[in-house]
């Protein structure tokens with residue numbers, strides 16, 4: 001059916017754009033002189049998490065299908081954690097050897113975020129501000145506190161930071177960054193609508209479709225960038241990308 005062709009085309013648009021966007025994000029970090037762990041945790045993870053962001057927002061806000069959005073987020077988190085096992089298998093030695101200590105702190109915050117997420121999910125808080133739930137506001141605020149603590153901890157434990165010529169020619173990479181982000185936005189909206197059509201045709205629950213189809217496809221940019229980072233000898237960037245993407249997935253709902 002044509003709906004499956006749409007699914008393939010939308011997925012291809014997200015995967016290709018996400019792969020290029022991750023490369024551009026890495027280049028921005030290099031030009032700006034940011035540490036590899038921080039690049040993976042913030043810039044790279046944001047670029048590869050854009051499919052989850054746009055697909056989830058379009059599913060919940062535009063299509064009014066919160067089950068599809070929730071299934072996409074939780075499925076993406078599960079698949080991203082599976083990527084760590086893939087990285088450990090592909091690495092020549094234990095993956096945890098030589099990783100930046102700040103990644104352990106990031107993982108701890110991820111566990112705490114999952115606990116808070118499930119806790120608020122059982123409470124079903126309806127009150128909020130300007131249509132945004134109080135639990136979402138709390139998680140969003142706590143996310144920036146966590147980033148600040150990770151940033152402080154990382155710079156305390158890394159006294160020597162490689163000095164680069166910062167900012168030179170970075171504007172063109174930011175331009176590529178936003179153009180590719182726009183392409184992923186289009187693909188995310190398209191993919192969400194296709195997922196809704198598939199759920200109607202197959203009779204499957206929207207949560208199942210979000211977990212099985214959307215979650216895996218929108219996580220493919222993480223797969224490509226983490227493996228590429230590992231091959232480049234940058235395990236901190238690879239693991240930081242996964243943890244950062246999962247933290248952002250928990251903030252999205």
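Quick rundown of the values:
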| item | result |
| --- | --- |
| Tally, over the range 24-52, of residues that are without any contact (Cβ under 8 Å) to a residue 24 or more places away in the chain, more than 15 Å from the chain's Cα centre (by Cα) and assigned to a helix (DSSP H, G or I) | 1 |
| Where residue 174 falls short, out of the listed (1) within 29 Å of residue 103 (Cα to Cα); (2) surrounded by 15 or more Cβ atoms within 10 Å (Cβ to Cβ); (3) at pLDDT 70 or above | (2) |
| Every residue from the range 95-111 that is at pLDDT 85 or above and in contact with a helix residue (DSSP H, G or I) (Cβ under 8 Å, 6 or more places away or on another chain) | 103, 105, 106, 107, 109, 110 |
| Filter result for residue 181 (at pLDDT 75 or above and on the phi > 0 side of the Ramachandran plot) | no |
| Count of residues meeting criterion [surrounded by 11 or more Cβ atoms within 10 Å (Cβ to Cβ) and either at pLDDT 65 or above or touching a strand residue (DSSP E or B) at 6+ places or on another chain (Cβ under 6 Å) (or both)] in the range 153-170 | 4 |
| Residues being touching a helix residue (DSSP H, G or I) at 6+ places or on another chain (Cβ under 9 Å), surrounded by 10 or more Cβ atoms within 10 Å (Cβ to Cβ) and modelled with pLDDT of 60 or more - total across the range 124-139 | 8 |
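The values are calculated or read from the model by the stated rules, or taken from the named source; none is laboratory data. Everything numeric here is computed off the predicted structure, so don't read it as measured data. Quick reminder, even Gly has a Cβ in these numbers, built from the backbone with ideal geometry, and neighbours come from all protein chains shown.
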